[in-house]
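The values are calculated or read from the model by the stated rules, or taken from the named source; none is laboratory data. The model shown is predicted, which means the values in this text are computed figures rather than measured ones. Every residue, glycine among them, receives a Cβ derived from its backbone with ideal geometry; neighbour counts consider all protein chains shown. Only protein heavy atoms, including side chains, enter the accessible area calculation; ligands, DNA and RNA are left aside. Shrake-Rupley method; radii C 1.70, N 1.55, O 1.52, S 1.80 Å.
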Amino acid sequence: MLLQSTIPQSPLHHRRVSLSSPLSSHSLSFPSGFRGRKHLAVRCSISQVHSYGTMDYERRPAAKWTGIYKSISLMKDRAVSAVSVLNDCEKAGKKLTKWELHRIIKELRKFRRFNQALEVYEWMNNRAEMFGITTSDTAIQLDLIAKVRGILSAEDYFLKLPDTSKDKRTYAALLNAYAQAKMREKAESIHMQMIIRGYPMGPLQFNVMMTLYMNLKEYDKVDLLVSEMRQKNIPLDMYSYNIWLSSSRAQGSVENVEKVFQQMEQDSTVNPNWITFGTIASFYIRVGLLEKAEECIKKIESRITGQDRIPYHHVISLYGSVGKREEVYRVWNVCKSIFPNTPMMAYHTMISSLIRLGDIEGAEQLYAEWLSVMPTNNPRIVNLLLSYYTRNGLLVKAEDLFDRMVELGGKPNPGTWEILAEGHIREKKVPEALSCLKEAVLARGSKNWKPRPVNVSSILSICEQNDDMQSKDVLMGLLSQVGCFEDEAYNSFVPLIGGVATVRDEGEDSYGDEILVNQLQGSFQ
């Protein structure tokens, strides 16, 4: 079912549109006012995949929990605990049910306010006789502790639990925490303990392990787990197949990808969803099978349902990758007509797609629209245009855009400074490039930042050509400062040979290539 719109000639103008399908006699309509759910980081969260019997609020009417949730979520001072809000409610004689507290926790987790969600649970723990804390609650708390305080705290929490609180749920939560931390040996140990303890094995536990191996790029182990599931008659669910597809995609075999999808189609217990076709479409794009990719993108459109705007973003990105400018604008207008508010991520996806299509004028117009509706100038949006300008030798234009962003209150991130550095590198202005890299080290969010190996290589090459040992020493000091020499993975990209770095460029923007794998893993939330 394709997303059809009655759009005026101007590509950036939008109206309410109708959705109809040329593939079937049925039509699909969406209520206005839908709001999309925000997906952020790559995660595989067990406690949100599986219902532990504590989150059956969907069938209940709205309750007074909404006001309390807003009071907690809108607190400007993060140092103030959610406990203070709950204590005030208790003092005011407002009796909260366990269901209402769970609903508050659910919303806080959805918007990644993990610390506040944990505070609500800890408030409940102090009234355990009132709320009856179950192993389901314990499992969710373990998950939150891992996110807020780290894996060691979660591990310590688990070890101190009484035996009565250690069951399949809590073991699964610990497994998930280890998997998210990419602690393979400990995850494998917990996986084996669950088998030894005789816990009923379902696809979820295997999905977590497969996601771990995907993140570690150990794709052969994904195949082994699929084989194990079949040997033990454990059914593969939608997530299992999608992870398996992503693993086959990463290994680059068209035959294997199509073979997995064929087996998925033959499995009557699952129905391929939009993520399935998105994974296949992105693979076809990577290997140059654009016609097949476009067929898959159309199938994604036919499977978009509900209030999730994320599939629209992927469709826009994929159409941009296959060079379909008209389709990019069509889906953009459809998305804007359905959702009353357009978030930063939507503009980021659209501008990125237009730049990929070479439609820089359209990208600049959309950037102007973004500025007109958003109170802040987010560097992630600006970085897209900056990168285009520097790649195309428009350094002056890039610097003008940078200055405008700062004037409007935008805060350059490390990526912003490195993009400007790349512009100077192209013009062989090493001191200016090094100055930008120094600013990147000082920028907000630079804790784990390291310069791209290809930029290090280019600067070193210029220094060698010009016999500029002073600039080389400055660069070496910067690399030492950010910990590059202690990073084995980094050194594998930048082997220093006689003072000159040799690297292979991993591509200018890996986001587009991995976006569907991220969404696949985000589906576990």
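Taking the range 484-503, which residues are over 14 Å from LEU437 (Cα atoms) and either modelled with pLDDT of 60 or more or in a loop (DSSP other than H, G, I, E, B) (or both)? Matches in the range 484-503: PHE485, GLU486, ASP487, GLU488, ASN491, VAL494, PRO495, GLY498, GLY499, THR502, VAL503.
Here is a yes/no grid of residues against (1) within 29 Å of ILE310 (Cα to Cα); (2) among the hydroxyl-bearing types (Ser, Thr, Tyr):
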{"residue": "ILE195", "(1), (2)": "no, no"}
{"residue": "VAL208", "(1), (2)": "yes, no"}
{"residue": "TYR213", "(1), (2)": "yes, yes"}
{"residue": "VAL226", "(1), (2)": "yes, no"}
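With respect to (1) touching a helix residue (DSSP H, G or I) at 6+ places or on another chain (Cβ under 8 Å); (2) surrounded by fewer than 18 Cβ atoms within 10 Å (Cβ to Cβ); (3) at pLDDT 90 or above, the lone exception for GLY477 is condition (1).
For (1) crowded, with 22+ Cβ neighbours inside 10 Å; (2) among the acidic types (Asp, Glu); (3) farther than 14 Å from ARG249 by Cβ; (4) in contact with a helix residue (DSSP H, G or I) (Cβ under 7 Å, 6 or more places away or on another chain), each residue gets a yes or a no:
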position	(1), (2), (3), (4)
GLY278	yes, no, no, yes
LYS292	no, no, no, yes
GLU295	no, yes, yes, no
PRO311	yes, no, yes, yes
HIS314	yes, no, yes, yes
SER317	yes, no, yes, yes
GLY320	yes, no, yes, yes
SER337	no, no, yes, no
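Scan the range 194-233 for residues that are over 14 Å from ILE243 (Cα atoms) and assigned to a loop (DSSP other than H, G, I, E, B) and jot them down. Result: ARG197, GLY198, TYR199, PRO200, MET201, GLY202, LYS232, ASN233.
Of the residues in the range 350-364, how many are open to solvent by 10 Å² or more (accessible area, probe 1.4 Å), assigned to a helix (DSSP H, G or I) and in contact (Cβ under 8 Å) with a residue 24 or more places away in the chain? Number of matching residues: 5. Taking (1) part of a helix (DSSP H, G or I); (2) on the phi > 0 side of the Ramachandran plot; (3) basic (Lys, Arg) in turn, ARG112 satisfies each apart from (1). Would you call THR342 among the hydroxyl-bearing types (Ser, Thr, Tyr), part of a loop (DSSP other than H, G, I, E, B) and under 30 Å from PRO203 (Cβ atoms)? In short, no.
Screening MET210 with (1) within 25 Å of VAL257 (Cβ to Cβ); (2) surrounded by fewer than 24 Cβ atoms within 10 Å (Cβ to Cβ); (3) not β-branched (Val, Ile, Thr) gives one miss only, at (2). Of the residues making up the range 408-434, those that are open to solvent by 60 Å² or more (accessible area, probe 1.4 Å) and modelled with pLDDT of 90 or more are LYS411, ARG426, GLU427, LYS428, LYS429, PRO431, GLU432. Being assigned to a loop (DSSP other than H, G, I, E, B) and open to solvent by 60 Å² or more (accessible area, probe 1.4 Å) is the filter; apply it to the range 435-451 and report the residue that is modelled with the highest pLDDT. For the range 435-451, the residue satisfying everything is LYS450. Taking every residue in the range 311-333 that is free of Cβ contacts under 8 Å to residues at least 40 places away in the same chain and pairing it with any residue that is surrounded by fewer than 22 Cβ atoms within 10 Å (Cβ to Cβ) and part of a loop (DSSP other than H, G, I, E, B), at least 6 positions away or on another chain, the pairs with Cβ-Cβ distances below 7 Å are ARG325/ASP359. At least 3 residues being crowded, with 17+ Cβ neighbours inside 10 Å, among the hydroxyl-bearing types (Ser, Thr, Tyr) and out of contact with any Gly (no Cβ under 9 Å at 6 or more places or on another chain) is the threshold, and among the helices (runs of 4 or more DSSP H) wholly inside the range 131-193 those reaching it are 168-180. Of the residues making up the range 294-348, those that are over 21 Å from the mean Cα position of the chain (by Cα) and on the phi > 0 side of the Ramachandran plot number 1.
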